[in-house]
Amino acid sequence: MDEGEYQILMNYDELVETVKNLFTVEDTRQREDASIEFIVTESDTLKQNFKALIDKLKVYGYLAVLRRNNEEIVLRVGVAQKKEKKSSNTPFLLLVATIITVSIDGWYRTPSVPGYNSTSTMFLYILGILGIIGVHELSHKIAAAKHGIRASLPYFIPGLPTVLPTFGAFISTQDPPTNRDSLFDLGLSGPIGGLIVTLFVGIGGALTSFTTSVEIAEGLGTQTVTVDVFTNTVLNIFASQPEGSVVILSPLTFAATIGFLITFLNLMPAWQLDGGHMASAVLSRGQHKIATYVSILVLFLLGFTLMALFVLVLSIKSPEASPLDDVSELSASRRIVFLGVILLAISLYFFTISNNPFFSVSF
């Protein structure tokens, strides 16, 4: 069935019967906007029954929300707003523009030294950055598809060569998440997918780094004094450094830095970030608000001033993401994963961002 095309809408009696087949209904009332409210009884299968209802109603062009109103659980069913399917070249044009800015950046960052394969390294650099961001967004899209949520193609954002070659990418979803589980999975999928690629790009950075004399390194102006723990580790494992020589970091090491930075920032439990979606699924609205402002403060203290201001503006202007079923709790296994996410964010800072030689400016 094409997007925006539905079967014939159910009549009132059919809607009521569909709901009653899945829920114990205490009361029914019709609202002025033609939607129907059901007061339903709480049960151990509330989450599963609501998801089954959404799947049934979606075919007929209806949408439902589940909310707790004081002591009552209110299920509201109404006609879903149809969204026209629009064909746009914007994702493709933005991808081309991003490839251009990343290519220019790669050309500037790749050292031109006799015996060093600059061309293949620059190509790997472009592939590395686009792979990190692309897999991040593709992971979101796969998670969305798994939960029956329609999502757009990635919108890449070109950046400023020699500063930050890309400002990342995003996808837009056309359906709200069904419950807290799906909201959590949407937030988690992107950072994990991007991080996996980033680790491989970091290893590639070690393999394409090279050693040279101190004199040549000083001439290139690329001598590195300190490196982060991750870079130091992979260099020790995959790159040899004869005594008296200097390691010139590959541009792929910078690509990995971008990947770690994107993952770290996105794991912050702040409004509209991936970590914010996870936090929204775990925490109450008040707790999530506190987590957002704590995240903004942490970003300021760590020197990521622009990002802190960006999150602050988003937290003021953008509504919090809420699932259709805002009554059912997040699964216990995902709550445990959330603790792991917090530990991962802390680890990323201390092992990949602290002492990173590329952070000469704050983002």
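Data overview
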| item | result |
| --- | --- |
| From the options Ala291, Ala281, Ala255, residue that is within 19 Å of Gly168 (Cα to Cα) and within 21 Å of the chain's Cα centre (by Cα) | Ala255 |
| Condition met for Ile346 (farther than 29 Å from Ile149 by Cα and either in contact with a Gly (Cβ under 9 Å, 6 or more places away or on another chain) or surrounded by fewer than 18 Cβ atoms within 10 Å (Cβ to Cβ) (or both)) | yes |
| Failed item in (1) hydrophobic (A, V, I, L, M, F, W, C); (2) within 26 Å of Gly187 (Cα to Cα); (3) crowded, with 17+ Cβ neighbours inside 10 Å; (4) touching a residue at least 12 places away in the same chain (Cβ under 8 Å), with Val77 passing the rest | (2) |
| Some residue of region 171-181 being touching a Lys or Arg at 6+ places or on another chain (Cβ under 7 Å), in a helix (DSSP H, G or I) and not polar (S, T, N, Q) | yes |
| Any chance Ala291 is touching a Pro at 6+ places or on another chain (Cβ under 6 Å) and either of a type in the set (S, T, N, Q) or surrounded by fewer than 24 Cβ atoms within 10 Å (Cβ to Cβ) (or both) | yes |
| Within region 112-121, tally of residues that are surrounded by fewer than 21 Cβ atoms within 10 Å (Cβ to Cβ) and either assigned to a helix (DSSP H, G or I) or at pLDDT 95 or above (or both) | 3 |
| Region 45-74, residues that are within 15 Å of Val25 (Cα to Cα) and surrounded by fewer than 17 Cβ atoms within 10 Å (Cβ to Cβ) | Thr45, Arg67, Arg68, Glu71, Glu72 |
| Scan of region 110-151 for residues that are in contact with a Ser or Thr (Cβ under 8 Å, 6 or more places away or on another chain) and charged (D, E, K, R), ordered by number | Arg150 |
| Pair list, Cβ under 9 Å, 6 or more apart: region 239-263 residue touching a residue at least 12 places away in the same chain (Cβ under 8 Å) and surrounded by 24 or more Cβ atoms within 10 Å (Cβ to Cβ), other residue among the aromatic types (Phe, Trp, Tyr) and assigned to a strand (DSSP E or B) | Ser250/Phe210 |
| Unmet criterion (only one of (1) part of a helix (DSSP H, G or I); (2) modelled with pLDDT of 95 or more) for Phe156 | (1) |
| Residue match in region 88-98 (condition: touching a residue at least 60 places away in the same chain (Cβ under 8 Å) and either closer than 13 Å to Leu252 by Cβ or crowded, with 22+ Cβ neighbours inside 10 Å (or both)) | yes |
| Pair list, Cβ < 9 Å and 6+ apart or interchain, from region 101-126 residues that are under 16 Å from Leu207 (Cα atoms) to residues that are surrounded by 15 or more Cβ atoms within 10 Å (Cβ to Cβ) and among the basic types (Lys, Arg) | Met122/Arg109; Tyr125/Arg109 |
| So Ser103, is it closer than 30 Å to Gly134 by Cα and part of a loop (DSSP other than H, G, I, E, B) | no |
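The values are calculated or read from the model by the stated rules, or taken from the named source; none is laboratory data. It should be emphasised that the depicted structure is a prediction, and the values quoted were computed from it without experimental measurement. Note: ideal-geometry Cβ built from the backbone for every residue, glycine included; neighbour counts use all protein chains shown.
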